[in-house]
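Written out below as structure tokens is the structure these notes cover.
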Amino acid sequence: MTTSFKTPRSPYDKIGGLVFLGRTIDKIRLKATNELRADLYELMGGGFDARIMGYLELDYANFAEFVLTGASDAECWD
């Protein structure tokens with residue numbers, strides 16, 4: 001069985017008026033299903049993921065846990 005690796009959405013696609021949030025959400029979801037490209041693992045929770053979490057005053061681990069409950073993009077923003 002071959003796994004199909006995917007790239008998260010563009011960092012410029014906005015959720016709640018914010019860039020990068022949708023990409024962070026995609027990376028969390030894709031990693032959980034083993035579909036995330038390996039080159040994107042290194043900065044999971046760091047880099048721009050950390051910057052958007054800092055801006056929103058959210059803990060990355062808690063946010064990732066919430067995303068993986070099946071929350072929609074809109075629910076992740078609310």
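Below is a table of values for the structure above.
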| item | result |
| --- | --- |
| One residue from L58, L43, L30, L21 being at pLDDT below 95 and hydrophobic (A, V, I, L, M, F, W, C) | L43 |
| Enumeration of residues in the stretch 22-71 that are small (G, A, S) and under 19 Å from K6 (Cα atoms) | G22, A32, A38, G45, A64, G70 |
| Any hit, the stretch 5-13, residues being in a helix (DSSP H, G or I) and either farther than 22 Å from T69 by Cα or of a type outside the set (S, T, Y) (or both) | no |
| Pairs, first without any contact (Cβ under 8 Å) to a residue 40 or more places away in the chain in the stretch 57-70, second among the acidic types (D, E) and surrounded by 11 or more Cβ atoms within 10 Å (Cβ to Cβ), C-beta under 8 Å, six or more apart | Y60/D49 |
| Residue check for T7: without any contact (Cβ under 8 Å) to a residue 12 or more places away in the chain, surrounded by fewer than 17 Cβ atoms within 10 Å (Cβ to Cβ), more than 14 Å from Y60 (Cα to Cα) and of a type in the set (S, T, Y) | no |
| Extreme residue, surrounded by the most Cβ atoms within 10 Å (Cβ to Cβ), among residues of the stretch 25-39 that are within 19 Å of A74 (Cβ to Cβ) and free of Cβ contacts under 8 Å to residues at least 24 places away in the same chain | K27 |
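The values are calculated or read from the model by the stated rules, or taken from the named source; none is laboratory data. Remember, it's a predicted structure, so these values are computed and weren't measured experimentally. Positions of Cβ are backbone-derived with ideal geometry, glycine not excepted, and every protein chain shown enters the neighbour counts.
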